[in-house]
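*Asks:* First, the structure itself, so that you have it in front of you.
The values are calculated or read from the model by the stated rules, or taken from the named source; none is laboratory data. As the structure is a computational prediction, the values presented were derived from the model and not from experiment. Cβ placement follows ideal geometry from the backbone for every residue including glycine, while neighbour counts extend to all protein chains displayed. Heavy atoms of the whole protein, side chains included, go into the accessibility calculation; ligands, DNA and RNA do not. Shrake-Rupley method; radii C 1.70, N 1.55, O 1.52, S 1.80 Å.
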Amino acid sequence: MYIARRANAEDGCTGRCGEGRFKSQALLDEAALLVVMAYVDLNPVRPGLAASIEESAFTSGQQR
């Protein structure tokens, strides 16, 4: 992948694009699930793409 090699060269790193950035975490109880749901619902709010969860067109938060 030309783009990945170029990005690695510019950033001075090696490996796959995004390597080490993404993790897998088991959701062992309902509390953990609720935390993840809130995180996903707030993703468009934090950078200002939506004023609130209710106004976000990209999550199910507006339905909850």
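*Asks:* What accessible area per residue, rounded to a whole number of Å², is obtained for the chain using a probe radius of 1.4 Å?
*Replies:* On the way: 5680 Å² over 64 residues.
Ligands and nucleic acids excluded, the figure is 89 Å² per residue.
*Asks:* Taking only Cα atoms, what is the 0 to 90° angle, nearest 10, from helix 30-42's long axis to the longest principal axis of the chain?
*Replies:* 70
*Asks:* Using a probe of 1.4 angstrom, how much of the accessible area of the chain is carbon and sulfur, in percent? Don't skip to the answer; put the middle values down first.
*Replies:* Numbers: 3270 of 5680 Å².
For the chain, the apolar C and S fraction of the accessible surface comes to 57 percent.
*Asks:* On a 1.4 Å probe surface of the protein chains, which of ARG5, ARG16 comes out largest in accessible area, and what is the full order?
*Replies:* Details: ARG5 155, ARG16 190 Å².
Most to least solvent-accessible, the answer reads ARG16, ARG5.
*Asks:* Now for a separate question. Can you find, among LEU42, TYR2, SER56, the residue sitting farthest towards the positive end of the charge dipole of the chain, where Lys and Arg contribute +1 and Asp and Glu -1 at Cβ?
*Replies:* Farthest towards the positive end: TYR2.
*Asks:* Here's another thing I want to ask about it. On a full-extension model of 0.36 nm per residue, what is the gain between ASP29 and SER52, subtracting their alpha-carbon distance, rounded to one decimal in nm? List each step's numbers first, then the result.
*Replies:* Working: separation 23, 0.36 × 23 = 8.28 nm, distance 2.66 nm.
Full extension of this stretch gives 5.6 nm more.
*Asks:* Can I ask one more? Going by alpha carbons, how many degrees (0 to 90, nearest 10) lie between the helix axis of 2-11 and the longest principal axis of the chain?
*Replies:* So the inclination is approximately 90 degrees.
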